[in-house]
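The values are calculated or read from the model by the stated rules, or taken from the named source; none is laboratory data. Bear in mind the structure is a predicted one, so any value in this text is a computation, not a measurement. Here the Cβ is made from the backbone with ideal geometry for all residues, glycine too, and neighbour counts use every protein chain on show.
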Amino acid sequence: MLADDILAGLTASDYTPESRAVLTDAVEAARFLSGASSATSQQLVDATTALQTARASLVPTS
């Protein structure tokens with residue numbers, strides 16, 4: 001699953017709590033949608049975009 005790929009190699013303590021929270025929310029939403037039989041293609045595309053944006057927006061702690 002893409003959410004797992006996004007998280008691979010990340011160490012939570014390397015990023016600010018705020019930016020981790022955005023990524024966590026995006027991962028949870030993507031995981032929910034991937035298991036929902038009623039999820040539309042657009043919802044999946046939006047979830048993928050949110051994951052990629054949250055990953056790219058992580059703020060390092062140092």
Hits in the stretch 3-21 - residues which are in contact (Cβ under 8 Å) with a residue 24 or more places away in the chain and under 15 Å from T61 (Cβ atoms): L10, S13, D14, Y15, T16, E18, S19, R20
When you check T53 against the structure, is it within 10 Å of the chain's Cα centre (by Cα), assigned to a helix (DSSP H, G or I), under 15 Å from I6 (Cα atoms) and without any contact (Cβ under 8 Å) to a residue 24 or more places away in the chain, yes or no? no
Being within 14 Å of D5 (Cα to Cα) and of a type in the set (K, R) is the filter here, so list the residues in the stretch 16-50 that pass it. R31
Checked against (1) assigned to a helix (DSSP H, G or I); (2) of a type outside the set (S, T, N, Q); (3) exposed (fewer than 14 other Cβ atoms within 10 Å of the Cβ), A36 satisfies every condition except (1)
Taking only pairs six or more apart or across chains, which ones have beta-carbon atoms under 9 Å, a first residue in the stretch 37-50 that is among the polar types (S, T, N, Q), and a second residue that is outside any helix (DSSP H, G or I)? Q43/A36
Matching option when the condition is part of a helix (DSSP H, G or I), under 11 Å from the mean Cα position of the chain (by Cα) and modelled with pLDDT of 95 or more, among L58, L23: L23
